[in-house]
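The values are calculated or read from the model by the stated rules, or taken from the named source; none is laboratory data. All values reported here derive from a predicted model rather than from experimental measurement. Glycine also receives a Cβ, built like all others from the backbone with ideal geometry; neighbour counts cover every protein chain displayed.
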Amino acid sequence: MAHRIGGRKLSRKQGPRLALYKNLTVSVLRYERIQTTEAKAKEIRGRVERMITLAKRGDLAARRAVIAEFPNEPLVVTKLFDEIAPKYADRNSGFTRIVHLGQRLGDAAPIVQIELV
């Protein structure tokens, strides 16, 4: 029985799936909005919100936790702590918004835009 195991598999094995989540999270934090499928956007929404919440704490442990998550992205870490986190200082949650854009022509997958509010 697989109780309390959530999340989407997205037709990928664990390694490529986690790499996809990490890359999409970095892209949202770098560009502040990206277009992707609805399932991928819903899956990374929580990861983006968790990173912003960590950055809002602003202490050394939070910075090290974010660096551990994105070791090869020092510019994204700097932007997260210096620009994004102060912008959401008064907000407890709800840092992202998902806007439906329609369907992809090839396979009719629902396309959305995930953006920072």
Assuming residue 110 fulfils every condition listed in (1) surrounded by 11 or more Cβ atoms within 10 Å (Cβ to Cβ); (2) under 17 Å from the mean Cα position of the chain (by Cα) apart from one, which condition is it? (2)
Collect the residues in the stretch 15-38 that are part of a helix (DSSP H, G or I), over 10 Å from the mean Cα position of the chain (by Cα) and touching a residue at least 60 places away in the same chain (Cβ under 8 Å), keeping them in residue-number order. 38
Would you mind telling me which numbered condition in (1) of a type in the set (Ser, Thr, Tyr); (2) touching a Ser or Thr at 6+ places or on another chain (Cβ under 9 Å); (3) more than 25 Å from residue 101 (Cβ to Cβ) residue 27 fails? (3)
If you go through the stretch 1-14 one residue at a time, how many are surrounded by 10 or more Cβ atoms within 10 Å (Cβ to Cβ) and over 19 Å from the mean Cα position of the chain (by Cα)? 0
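I'd like the full set of residues that are in a helix (DSSP H, G or I) and surrounded by fewer than 17 Cβ atoms within 10 Å (Cβ to Cβ), limited to the stretch 50-62. Lay out the reasoning, then the answer.
Applying the first criterion (in a helix (DSSP H, G or I)) to the stretch 50-62 yields 50-57, 60-62.
Matches in the stretch 50-62: 50, 53, 57, 60, 61.
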Could you give every pair whose Cβ atoms fall below 7 Å, whose first residue belongs to the stretch 69-93 and is crowded, with 18+ Cβ neighbours inside 10 Å, and whose second residue is of a type in the set (Phe, Trp, Tyr), counting only separations of at least 6 or pairs across chains? 76/70; 77/70; 88/95
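Is there a residue being within 20 Å of residue 34 (Cβ to Cβ), in contact with a Phe, Trp or Tyr (Cβ under 7 Å, 6 or more places away or on another chain) and part of a loop (DSSP other than H, G, I, E, B) anywhere in the stretch 94-104?
So in the stretch 94-104, the residues within 20 Å of residue 34 (Cβ to Cβ) come out as 94-104.
Pick out the ones that are also in contact with a Phe, Trp or Tyr (Cβ under 7 Å, 6 or more places away or on another chain) and you get 95.
If we keep only those that are part of a loop (DSSP other than H, G, I, E, B) too, we end up with 95.
Yes: one or more hits.
Does residue 61 satisfy being at pLDDT 95 or above, over 25 Å from residue 42 (Cβ atoms) and aliphatic (A, V, I, L, M)?
Working: at pLDDT 95 or above: yes; over 25 Å from residue 42 (Cβ atoms): yes; aliphatic (A, V, I, L, M): yes.
Yes: the conditions hold for residue 61.
Checking the conditions here, which among 68, 89 is farther than 18 Å from residue 36 by Cβ and in a helix (DSSP H, G or I)? Give the derivation first.
Numbers: 89 fails: in a helix (DSSP H, G or I).
Of the residues listed, the single one that is farther than 18 Å from residue 36 by Cβ and in a helix (DSSP H, G or I) is 68.
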